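The block underneath contains the structure these notes are about, expressed in structure tokens.
The values are calculated or read from the model by the stated rules, or taken from the named source; none is laboratory data. It should be emphasised that the depicted structure is a prediction, and the values quoted were computed from it without experimental measurement. Glycine also receives a Cβ, built like all others from the backbone with ideal geometry; neighbour counts cover every protein chain displayed. To get the accessible areas, we keep the full protein, side chains included, count just its heavy atoms, and leave off ligands, DNA and RNA. Shrake-Rupley method; radii C 1.70, N 1.55, O 1.52, S 1.80 Å.
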Amino acid sequence: QVHLVESGGGLVQAGGSLRPSCAASGRTFNIYAVGWFRQAPGKEREFVAGITWSRSSTSYADSVKGRFTIYRDNAKNTVSLAMNSLQPEDTAVYYCAADRRPFGTTRLEAIDSWGQGTQVTVSS
């Protein structure tokens, strides 16, 4: 089992930046992919960005390409998401996730590990 803890959400004005972080502990050697999902009120949880644990291959949702960058620090077992040019539509609870398989190959409910979530609010 992998345990994930997020930090670093908050309130920012449109155009601003945030960089939430996710600390992984436990059986991290089982991780293939780690990344971020988000869920806005009344909407389904959606993929935001992911990175493979060993090769640092990244992927992004179209809505955040060019604005968000995902980073991995294997020495510290952390993953962070640099979010720039934030817009009100980015407001959501952001969840860190880790899985033995690539994201997109299984249902969200089957993903191995989830963090508790961190709130990101962008004001206009």
Only residues in the stretch 11-35 that are charged (D, E, K, R) count as the first member; pair them with residues that are open to solvent by less than 60 Å² (accessible area, probe 1.4 Å) and in a loop (DSSP other than H, G, I, E, B), Cβ under 8 angstrom, at least 6 apart or cross-chain, and list the lot. R19/G8
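Please tell me if V79 is over 12 Å from the mean Cα position of the chain (by Cα) and open to solvent by less than 50 Å² (accessible area, probe 1.4 Å). Explain how you work it out, then say what you get.
Values: over 12 Å from the mean Cα position of the chain (by Cα): no; open to solvent by less than 50 Å² (accessible area, probe 1.4 Å): yes.
So V79 does not fit the description; no.
Would you check which residues across the stretch 82-117 are out of contact with any His (no Cβ under 9 Å at 6 or more places or on another chain) and surrounded by 21 or more Cβ atoms within 10 Å (Cβ to Cβ) and list them? Full working, then the answer.
Within the stretch 82-117, the first condition is being out of contact with any His (no Cβ under 9 Å at 6 or more places or on another chain), and the residues that meet it are 82-112, 114, 116-117.
Result: M83, L86, D90, A92, Y94, Y95, C96, A97, A98, D99, F103.
Out of curiosity, is K43 exposed (fewer than 13 other Cβ atoms within 10 Å of the Cβ), over 22 Å from S124 (Cβ atoms) and either touching a strand residue (DSSP E or B) at 6+ places or on another chain (Cβ under 9 Å) or of a type in the set (S, T, N, Q) (or both)? Explain how you work it out, then say what you get.
Working: exposed (fewer than 13 other Cβ atoms within 10 Å of the Cβ): yes; over 22 Å from S124 (Cβ atoms): no; either touching a strand residue (DSSP E or B) at 6+ places or on another chain (Cβ under 9 Å) or of a type in the set (S, T, N, Q) (or both): yes.
So K43 does not fit the description; no.
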Given the conditions (1) modelled with pLDDT under 95; (2) open to solvent by less than 20 Å² (accessible area, probe 1.4 Å), which single one is not true for G26? (2)
So the check is Cβ under 7 Å with 6+ separation or different chains; which pairs have a first residue in the stretch 95-120 that's assigned to a helix (DSSP H, G or I) and a second one that's modelled with pLDDT of 95 or more and basic (K, R)? L108/R45
If you check G35, G50, G66, G16, which single one turns out to be touching a strand residue (DSSP E or B) at 6+ places or on another chain (Cβ under 9 Å), among the small types (G, A, S), loosely packed, with under 13 Cβ neighbours inside 10 Å and modelled with pLDDT of 95 or more? G66
Of the residues in the stretch 107-124, those that are among the hydroxyl-bearing types (S, T, Y) and touching an Asp or Glu at 6+ places or on another chain (Cβ under 7 Å) come to T118
